[in-house]
Amino acid sequence: MGDKVLDAVSLGVAHAKEQFGIYQQQHPDWLASNTKRTVASLIHDWMWAAVAKALDEAPHVVIIDRDPVRELAIRVESEHRLSYLLRLKRHHLDGSTSSYQTQTVIDFELQGPNQTFPGYGEVRLEAGYEWDADTRAMGGPLITLRDGRDNVLWTLPLTPHTGIGGGTVTQPTTPGPVLPSISLQSEDEARDENGTGSDQS
């Protein structure tokens with residue numbers, strides 16, 4: 001899908017986590033009376049707004065925002081003529097997601113023919129964040145591939161976004177582990193460091 005899409009998902013989760021933290025601090029009384037569905041909807045709106053803004057000018061991404069359907073259609077130019085259809089979802093710690101099982105949801109979660117870009121093979125993915133229901137806390141960003149509601153084929157954790165509004169994730173420049181270095185001292189230097197030299201009072 002390209003780094004731009006993956007970075008947008010990570011940014012969207014980071015933005016939603018920041019907004020949720022502000023909401024928790026400034027409106028704890030509202031949060032206490034919010035239903036689980038209300039909290040999920042708030043987080044989804046914050047996440048979607050950031051992701052859509054980040055991908056607004058990406059030429060290979062079509063943003064579909066027709067309430068209640070929000071999707072990203074991503075076309076990849078390759079020999080395989082592949083495209084992706086991506087939805088943003090809250091993931092429970094076991095990898096499952098929660099949705100009313102309408103026919104539209106069932107069709108999306110089953111891998112099938114491409115309706116968005118005819119002639120392309122399509123993979124349907126769900127991206128978003130992990131959610132700890134016990135602590136009502138957002139975890140890190142991830143993408144999952146499933147073939148049916150309860151058949152998660154794989155889960156890919158994403159690198160968390162480290163800054164809002166243009167921040168970048170810095171990758172390590174060293175290709176592998178760095179070996180430890182050993183500093184050798186003379187006996188006189190060691191005595192001085194330990195306070196046992198002749199100059200110590």
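The values are calculated or read from the model by the stated rules, or taken from the named source; none is laboratory data. Just so it is clear, the structure is predicted and the values come from calculations on it, not from any experiment. Counting neighbours? That spans all protein chains shown, and the Cβs are built from the backbone with ideal geometry, glycine included. When the accessible area is computed, the model is the full protein with side chains, heavy atoms only, and any ligands, DNA or RNA have been set aside. Shrake-Rupley method; radii C 1.70, N 1.55, O 1.52, S 1.80 Å.
Here are some notes:
- Probe 1.4 Å, accessible area per residue of segment 1-103, Å²: 58
- Distant-in-sequence amide H partners of Val123 (H built 1.01 Å from N, under 5 Å): Ser83, Tyr84, Leu85
- Each residue of segment 41-56 is assigned a 3J(HN,Hα), and the resulting list reads 5, 4, 5, 4, 4, 5, 5, 4, 4, 5, 5, 4, 5, 5, 10, 4 Hz, derived from the Karplus form 6.51 cos²θ - 1.76 cosθ + 1.60 (θ = phi - 60°), x at Gly and Pro.
- Amide H contacts of Leu88 (H built 1.01 Å from N, under 5 Å, at least 5 apart or other chain): Ala127
- The residues neighbouring His44, those whose beta-carbon lies less than 9 Å from its own, together hold a net charge of +2 under the Lys/Arg +1, Asp/Glu -1 convention.
- Between segment 136-154 and segment 18-62, the alpha-carbon center distance in angstrom: 18
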